[in-house]
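The values are calculated or read from the model by the stated rules, or taken from the named source; none is laboratory data. Only a predicted model underlies this, so the values are computations on that prediction, with no experimental measurement involved. Here Cβ is always computed from backbone atoms with ideal geometry, including for glycine, and neighbour counts include all displayed protein chains.
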């Protein structure tokens, strides 16, 4: 009897220890997020104190001691512009791929093609950067940038700068290639989640595949596809290595993105490039940490939006054909 | 619009114009297939380039020797390969227990509100830019210890790793029917034992898949390593020193102005991509050969699968 009781007691003991350990592990993510924000804020405090909001709106960048000036605006703009261009290229392609995989492809080739597209997601950023730097940049410059510059350079200011290969457009296109797998995989899941009844209703009326997609699948999946695109945008914003290798790494006012063929810079790439040069006791260091904090807030905002949209969609229920 | 008006509208739309509608349909199909082709071309080009350049440089010496003078074309990248595997090991040692326990907490212990909250933050943290974890580890460990070291790198990478494992573990545990838990409790087995011995065993496939995906993800990470393990030219000399890893080597070599150095970079890229493809293929094998559908786990893996 007493031994049974002892065993029970011991088990109870271990049980609660396990529960406490698991709870701690669960709470760990909250602790880490708070710690990351706290650490980044306290270490960039100096720059906020010195420059205030001018740090976000300024465009000068000079780490030389005595003449220090730090403004993050060109890099914020660079991050947003490259990500948005990438999104404009990647979203139509990804939705096309998702449509192919969910509506058009015969079942037999669905799996291999989604596998290949997902392989793109497994290739690390640094290899995209290497490929972009030594293969894509040259092909892209010779076949697209130079002809476009010659044809449109005098008329449209966006194409004004002489193309060199390391510029905002190259970085954006490689970024687009990198986020296509993310967006197309999520979009495919969203399209597959559209109830079969939606499609059948349209087929019954005599619609072709494209009409079925446009009239009954797309309206149903629209907000989900927007969520998937925002998720891709979040990816693009935080992307570091490939962008660093391709964007040209300009600093100061000339890094502000005014044209496709101009050298720019993004938040993540300026941090990656200059972090090890900065002495932890100078103003340079808190300025870079401040850029990290801004990057964190930008990506956090984008991702929270994406999650809220996607969650709302996956909780949605079946409905009738939703208009044209 | 009332439903009868709408019906009329559809009926009008679908009248007597089949020919032109079929043509539109064909054009759209061609566009869509072109989309797939455009997406696959870069992958093909990357793989062809990496293999073509990498095979030229890879030899026994390349895989087993320390690097020679920069740009001399001598030596190898053995220390980077060693570093990558050490980083994977140390990161897993921190990330896997936390991730699995966190997944267990959300799936088995948390009430639905707390569970939702933690799941949400895991999702959010999974999308943080990886460079932020590097900055954090630098401030938190490198500055405090006063030197670049492997633990800082491992901690930065494990912060990328554990939310992925936590989410896959949670999804895998949720797929197990409640009868398993009830049977365990009916036998008087304490909850901890039920969880570890019955549920984890049943969810093994899903959890291993999550772990391997997260390993594939961290093995290619570069940005956090720049700020934590810095890179070196020697063998592993303890966890308190700087160390090299394959992504770091590729970055450093690709920026050097010597063709030989760049070729070494391609070689390192081939080694890295081989490691990652083997991991991804094994994941696919595991998923395809596991009993039961992948369900939400499948969607989740596609969201998280690989990056950077």
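Below is a table of values for the structure above.
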| read-out | value |
| --- | --- |
| Conditions (1) in contact (Cβ under 8 Å) with a residue 60 or more places away in the chain; (2) at the interface with another protein chain (Cβ under 8 Å from one of its Cβ atoms); (3) over 24 Å from residue A:115 (Cβ atoms); number of the one not met by residue A:239 | (3) |
| Filter result for residue B:219 (more than 21 Å from residue A:235 (Cβ to Cβ), within 25 Å of the chain's Cα centre (by Cα) and in contact (Cβ under 8 Å) with a residue 24 or more places away in the chain) | no |
| Candidates B:23, B:106 - the one that is facing chain A (nearest Cβ under 8 Å) and either surrounded by 13 or more Cβ atoms within 10 Å (Cβ to Cβ) or out of contact with any helix residue (DSSP H, G or I) (no Cβ under 7 Å at 6 or more places or on another chain) (or both) | B:106 |
| Selection from segment A:105-123 of residues that are within 14 Å of chain B (Cβ to nearest Cβ), free of Cβ contacts under 8 Å to residues at least 24 places away in the same chain and over 14 Å from residue B:42 (Cβ atoms) | A:105, A:106, A:109, A:110, A:111, A:112, A:113, A:115 |
| Residue in segment B:147-165 that is within 25 Å of residue A:297 (Cα to Cα) and in contact with a strand residue (DSSP E or B) (Cβ under 8 Å, 6 or more places away or on another chain) present | yes |
| Qualifying residue in segment A:145-162 (condition: part of a helix (DSSP H, G or I), within 11 Å of chain B (Cβ to nearest Cβ) and either surrounded by fewer than 14 Cβ atoms within 10 Å (Cβ to Cβ) or at pLDDT below 80 (or both)) | no |
| Residues of segment B:182-200 satisfying the condition of being outside any helix (DSSP H, G or I) and at pLDDT below 90 | B:188, B:189, B:190 |
| Among the residues listed as A:99, A:41, the single one being touching a residue at least 40 places away in the same chain (Cβ under 8 Å), surrounded by fewer than 22 Cβ atoms within 10 Å (Cβ to Cβ) and within 14 Å of chain B (Cβ to nearest Cβ) | A:41 |
| Matching entry among A:110, A:67 (being outside any helix (DSSP H, G or I) and over 25 Å from residue B:133 (Cβ atoms)) | A:67 |
| Criterion: under 19 Å from residue A:135 (Cβ atoms), within 12 Å of another protein chain (Cβ to nearest Cβ) and surrounded by 12 or more Cβ atoms within 10 Å (Cβ to Cβ) - qualifying residue of B:38, B:31 | B:38 |
| Total residues in segment A:274-284, condition facing another protein chain (nearest Cβ under 10 Å) and in a helix (DSSP H, G or I) | 2 |
